[in-house]
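These notes are about the structure you will find just below.
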Amino acid sequence: MSLLPEVSKNYGRLKFLINGQWVMSQSTTVYEDINPATGEVIAEFPSATRAEARAAVEAAQNAFKDWRDVPMRDRARLLFDLRGKFEEHFDELCRVLTQDHGRTIDESRGSLRRVIENIESACSALYGLAKQNEHMDQLAQGIDQYLIWEPLGPFLIVTPGNIPMHAWSSFVPYALAAGCTVVVSPSRQDPVAAEYVCRVAQEAGLPAGVINLIHGGREINKEILTQPEIMGVGFIGSNKAGRELFDLCGKLGKRSSINGNGKNHVVILPDADIDAAIQWLLRGCFGMTGQRCLGVDNVVIIGNIYDEVKKKFKEAAAAMKLGYGLDTETELGPMTTLSGKEKVLRWIDNSLAEGAKMVLDGRTAKVKDYPKGYFLGPTILEDVHVDMSMAKEEAFGPVAALIRGKNLDEAIEWINTKTNLGHSACIMTTNGKNARKFIREVNVGNVGVNIGVAQPYAFFPLGSKRESFLGVAKSRMASMRMFMDEKTVVARWA
């Protein structure tokens, strides 16, 4: 065992970032932040008052007045400096993320790479603005016409507990590139990770008030969104919370990018490389302990390979090492919260009550050195039918449901009709014709071929569909269209 050191055993009472200053909240509502592997309290954090939420909005609005006029090359330089700071603090951020969230250190390293790629992508988007501007000379006699893009103003950014740093980078760098400012409201699940990412960003030399951070929750998020200066919201989280913000944006006439729940599938065809498919399944079903938007619940196995896939998948999953993510040998960390673990346990119990059978039971998993940790082992169920509620509802834990399928057409129909969610779907095959058919016909926003997680690179949007997405623009690169608006100019000078 090689256990990496924690950045700190306890981070004390967390503060808010308002107008460039880290300030102590006056709130009397305070929560504990718990390391999910050890069960120990590592911080406490307040829920913002309305006055503090208002102060963060005012700081963002005041900063916007100047930030929008910062020359493009200067904004680009600051973004490059921001990238450099994340590289400089890479190891520290990874260890904080693992300690606060529970994922393995390798998973944290992958997440921080996505953060850096998003900053790079935002730089690219900034320079791409010049290409979006259109100019037509002498459109009519003596008349020129051109299109320009302008930043809208301050935005609320709400990040989830499962990807606190990655989600931050899916919106914040793009908002800054566009010339907007932000108020960040992170999940209560891992507030230390949320604070650290803003502290590192502050080191890049961004002007005061460009990035603000407060802790709150749904009511504070609604309070911020109703402020007249806030132009909209970038959100990643549950469908329920996202729908509330989306409906509020509709009433207020504001913009939104709402990324919600998923119910994702992997389809394995008889011609697939079974041994490779098993490794992809381990990542897709159990990576980040199943707490990922593009993770897999339903494994649809076509043809006579079912028994072979089940046997090899069970053996590989059972061999995964559970433990604290700062142990470099750990392959599966704990659930992030006790309530999250309990929810997955209920999901498994309900699935068994519906008629599913247990292939591999991870419910009683224990880690000797961490008896208070929120651990769940890999769990595999079979005899699952697509009409069961378990086949339609997201487990959000280390659970895989094996489903027998007749053919590819049936699998595509199930994906398209048995759930209203549309984050992702993957196919495992060596047949290009079948892969192409799957890509063209499956009604999801992110498609994978011979991979377990259809994670788009930062230069591409998270292209989710149906009830998995609501709003005017997808996250990442596409969010530039949420943060900016067109202005058409018609000028006569002759």
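Summary table
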{"read-out": "Estimated FRET transfer efficiency when R0 is 60 angstrom, pair Glu44-Lys251 (beta carbons, to 0.05)", "value": "0.95"}
{"read-out": "From phi via Karplus (6.51, -1.76, 1.60), per-residue ³J(HN,Hα) for the range 293-304 in Hz, x at Gly/Pro", "value": "4, 9, x, 10, 9, 9, 10, 9, 10, 9, x, 8"}
{"read-out": "Aspartates and glutamates with Cα under 12 Å of Lys15, excluding same-chain neighbours fewer than 8 positions away", "value": "Glu44, Glu52, Glu195"}
{"read-out": "When the convex hull of its Cα atoms is projected in every direction, mean area for the range 154-255 (nm²)", "value": "5.9 nm²"}
{"read-out": "Under the Karplus curve 6.51 cos²θ - 1.76 cosθ + 1.60, θ = phi - 60°, whole-Hz ³J(HN,Hα) for the range 382-397, x wherever Gly or Pro sits", "value": "9, 6, 9, 10, 5, 8, 6, 5, 5, 7, 10, 9, 5, 7, 6, x"}
{"read-out": "Estimated FRET transfer efficiency when R0 is 35 angstrom, pair Asp275-Ile439 (beta carbons, to 0.05)", "value": "0.90"}
{"read-out": "About the Cα centre, charge dipole magnitude for the range 264-449 (Lys/Arg +1, Asp/Glu -1 at Cβ), debye", "value": "220 debye"}
{"read-out": "Helix-only [θ]222 nm of the chain, DSSP H runs n ≥ 4, -39500 (n - 2.57) each, per residue, nearest 500", "value": "-12500 deg cm²/dmol"}
{"read-out": "Gain upon complete extension [Trp493, Val449; 0.36 nm per residue less C-alpha separation]", "value": "10.3 nm"}
{"read-out": "Length-normalised contact order of the chain in % [C-alpha pairs under 8 Å, at least 6 apart]", "value": "20 percent"}
{"read-out": "FRET efficiency for Val23 and Arg243, using Cβ-Cβ distance with R0 set to 22 Å, rounded to 0.05", "value": "0.10"}
{"read-out": "The chain: proportion of alpha-carbon pairs further apart than 29 angstrom, %", "value": "51 percent"}
{"read-out": "Estimated distance in nm for a label pair at Asp383 and Asp349, the labels positioned 7 Å out from Cα along Cα-to-Cβ", "value": "2.0 nm"}
{"read-out": "Whichever lysines have a C-alpha closer than 19 Å to that of Lys312, once near sequence neighbours (fewer than 8 apart) are set aside", "value": "Lys321, Lys357"}
{"read-out": "Whole-Å distance, taken between Cα centres, linking the range 401-428 and the range 44-101", "value": "40 Å"}
{"read-out": "Radius ratio Rg over Rh of the range 264-449, counting only Cα atoms, Kirkwood formula for Rh", "value": "0.96"}
{"read-out": "Positive dipole terminus of the range 264-449, leading residue within Ser389, Asn264, Pro371 (C-beta point charges)", "value": "Pro371"}
{"read-out": "The range 170-184 versus the range 269-297: alpha-carbon centroid distance in Å", "value": "33 Å"}
{"read-out": "nm² value of the averaged projected area, convex hull over the Cα atoms of the range 1-152", "value": "12.9 nm²"}
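Values in this text are rule-based calculations from the coordinates and carry no lab data. The shown structure was predicted, so the numbers you read here are calculated from the model rather than taken from an experiment. Note that we place each Cβ from the backbone using ideal geometry, even for glycine, and neighbour counts take in every protein chain shown.
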